[in-house]
Amino acid sequence: MAGRFLGKALATVSLSVALASLTVRSSGCRSIPAYRNSLSSCWFHLNSNIMFGSNGAKGNSHNKARTSPYPGSKVERSQVPNEKVGWLVEWQDYNPVEYTAVSVLAGPRWADPQISESNFSPKFNEKDGHVERKSQNGLYEIENGRPRWKRDSSGNKITHPLSGKHILQFVAIKRKDCGEWAIPGGMVDPGEKISATLKREFGEEALNSLQKSSAEKKKIEEQLHRLFNQEHLVIYKGYVDDPRNTDNAWMETEAVNYHDETGEILDNLTLEAGDDAGKVKWVDISDKLKLYASHSQFIKLVAEKRDAHWSEDSEADCSGL
């Protein structure tokens, strides 16, 4: 996509904790190898090494972002070897293929115009109208779920037999485009609040609100308004290893932790897959999860914050973030 995604909201639903992610921006070239890669003649670099993400966790970034072909196409991505991934590694011979997804060429409201268009002059590294183009990982230079506690029939929290910690659950959707399980999500409109995006996208994908009657939609909106307008904790900001990333456009996320300890709201929500979701279900949080993009990392962070079960190996439980 031409420059960046305006934003994407990711959410899960729950009985005690909710995870929300806002994906915004951005622009840059080089070793962040999905939708628009239109700047093969320019190079972008972050002053900090984006390879490690905002948590400094080595090896968690640029794996899915280097998969080939580009999602939903037959266009093969230029291969970047492990030793060349780091932003600070010089690679003068790097010449990525140019690729723009058909859906982006159609001109959806969340996508930039082509960078080559004369009327498009993005203000990188700063607030650009309603679009935030500053990276969470630092300045770059232009050169050329919602979890819930798992409970038994009596309503008591279930403890994992090995780790001795309570088990969190979250609502996962199976994406229609790639078949992977993920946190529900969608694009954030320019200037839109994250809570508004979360209500809309979770309702559409996990509650099938688009197919509901006016009365049913109103009830869903009221429930989600209560859920997403509570106090929350930001648990992650930064780069997301998304297979749609390109060398000049990548996903960044702000993951937010919500709480609904009583389950009063979530117990009244009936899951039903809709819109971009093929299936939807409650899933136990653990290190065995294989989720889309960096979603497993966000779920792990929530487990750590809530002191919940993650791994059957007690020494590895919620460590190494």
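Numbers for the structure displayed
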{"read-out": "Accessible-area value, LYS237, 1.4 Å probe, nucleic acids and ligands omitted, Å²", "value": "90 Å²"}
{"read-out": "Built amide H within the under 5 Å cut-off of TYR236, gap 5+", "value": "ALA255"}
{"read-out": "Å² of accessible area per residue within the stretch 148-312, as computed with a 1.4 Å probe and no ligands counted", "value": "44 Å²"}
{"read-out": "Table column - 3J(HN,Hα) (Hz), the stretch 216-227, Karplus curve with 6.51, -1.76, 1.60, x for Gly and Pro", "value": "5, 4, 4, 5, 4, 4, 5, 5, 6, 4, 5, 5"}
{"read-out": "MET251, MET187, reordered so the largest accessible area comes first (probe 1.4 Å)", "value": "MET187, MET251"}
{"read-out": "12 Å Cα-Cα reach of LYS84 towards aspartates and glutamates, excluding residues that sit fewer than 8 places from it in its own chain", "value": "ASP93"}
{"read-out": "FRET efficiency for ASN125 and GLU90, using Cβ-Cβ distance with R0 set to 30 Å, rounded to 0.05", "value": "0.85"}
{"read-out": "With all protein chains modelled, accessible area of HIS232 [1.4 Å, Å²]", "value": "100 Å²"}
{"read-out": "The stretch 148-312 - Kirkwood radius from inverse mean 1/r over Cα pairs (Å)", "value": "16.9 Å"}
{"read-out": "Share of carbon and sulfur in the accessible heavy-atom surface of the stretch 148-312 [1.4 Å probe, %]", "value": "45 percent"}
{"read-out": "Residue-level accessible surface for LYS174, protein heavy atoms, 1.4 Å, Å²", "value": "70 Å²"}
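The values are calculated or read from the model by the stated rules, or taken from the named source; none is laboratory data. All of these numbers come straight from a predicted model, not from anything done at the bench. All Cβ positions, even for glycine, are placed from backbone atoms using ideal geometry, and neighbour counts span all protein chains on display. Note: accessible area is taken over every heavy atom of the protein model, side chains too, but ligands, DNA and RNA are not part of it. Shrake-Rupley method; radii C 1.70, N 1.55, O 1.52, S 1.80 Å.
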